[in-house]
Amino acid sequence: MFRKIVIIGPESTGKSTLCEMLAQHYATEWCPEFAREWLLTNGRDYQYDDLLTIAKGQIALEEEYSEKVRKTGRREDRKMGSEEGCFSITATTNTNDETPDFRTSGLPDLTQPLLFLDTDMQVMKVWCEYVFGDCHTWILNRIAERPYDLYLLCKPDLPWVQDELREYPDEKPRQELYHIYRDMLIQQHTSWVEISGGYEERLQKAVQAVDGLLGW
């Protein structure tokens, strides 16, 4: 069975880092944010209709990575690191405290292919409504027709890190967005888990949640 896990939360909460670490841990793929590449190319002065373009690009990117996982089941560059199939992950923060360095050894054998997603249409809906007070019907329709298996909600308890694309350095909008995401998850039917703490603690909580999903 092909499983999709979405990592969501306010900006600068370690979502991309967690996606990458989980993909390494489970020897699989993770789908990045299409918005980042679009904004780097087109600039930060986006309009309401641009978010529909970004949403469509995100769906196309998700399908591309989904097809990779369907074809391979696991990333070809990842191998078991021990005869027992046990695994360990070490994450250490780098000198500027922005993202951790991490190494994996002894990865578990996947019988259920996984794809980790850095965003989804629920995030696009929140983005549309938070900035413009409305959401494209196309995005709402994709939410209704695209089920996922687990959400990991990253709490804004990591320090905010400057980035050329980030918009909300102040604590107030970060907390507002976090509670918007939390309320959204409470009101839908897919299982979700809050992820908090430092990078290593975040990874451990996420692995525990995913292992639970897989019945390990």
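Couple of notes before you dig in:
- Pairing each residue of segment 130-153 that is under 19 Å from Leu51 (Cα atoms) with any residue that is among the basic types (Lys, Arg), provided the two are 6+ apart or on different chains, yields C-beta distances under 8 Å for Cys135/Lys125; Trp138/Lys56; Ile139/Lys125; Leu140/Lys125; Ile143/Lys125.
- Test: residue in segment 25-48 that is part of a helix (DSSP H, G or I), within 16 Å of Gln112 (Cβ to Cβ) and out of contact with any Lys or Arg (no Cβ under 9 Å at 6 or more places or on another chain): yes
- Of all the numbered requirements in (1) modelled with pLDDT under 50; (2) in contact with a Lys or Arg (Cβ under 9 Å, 6 or more places away or on another chain), Leu140 misses one, and that requirement is (1).
- Note on segment 44-66: among residues that are farther than 18 Å from Arg142 by Cα and open to solvent by 70 Å² or more (accessible area, probe 1.4 Å), the one that is modelled with the highest pLDDT is Gln47.
- Close pairs (6 angstrom Cβ cut-off, 6 or more residues apart or separate chains): within 14 Å of Val126 (Cα to Cα) in segment 173-200, open to solvent by 50 Å² or more (accessible area, probe 1.4 Å) anywhere: Arg174/Tyr168; Leu185/Trp192
- Residue that is nearest to Leu153 (Cα to Cα) [pool: residues in segment 189-216 that are open to solvent by less than 40 Å² (accessible area, probe 1.4 Å) and not in a helix (DSSP H, G or I)]: Ile195
The values are calculated or read from the model by the stated rules, or taken from the named source; none is laboratory data. What you see is a predicted model, and the numbers here were worked out from it, not measured in a lab. Note that each Cβ is placed from the backbone with ideal geometry, even for glycine, and that neighbours are counted across all protein chains shown. These accessible areas exclude ligands, DNA and RNA; they are computed on the full protein's heavy atoms, side chains included. Shrake-Rupley method; radii C 1.70, N 1.55, O 1.52, S 1.80 Å.
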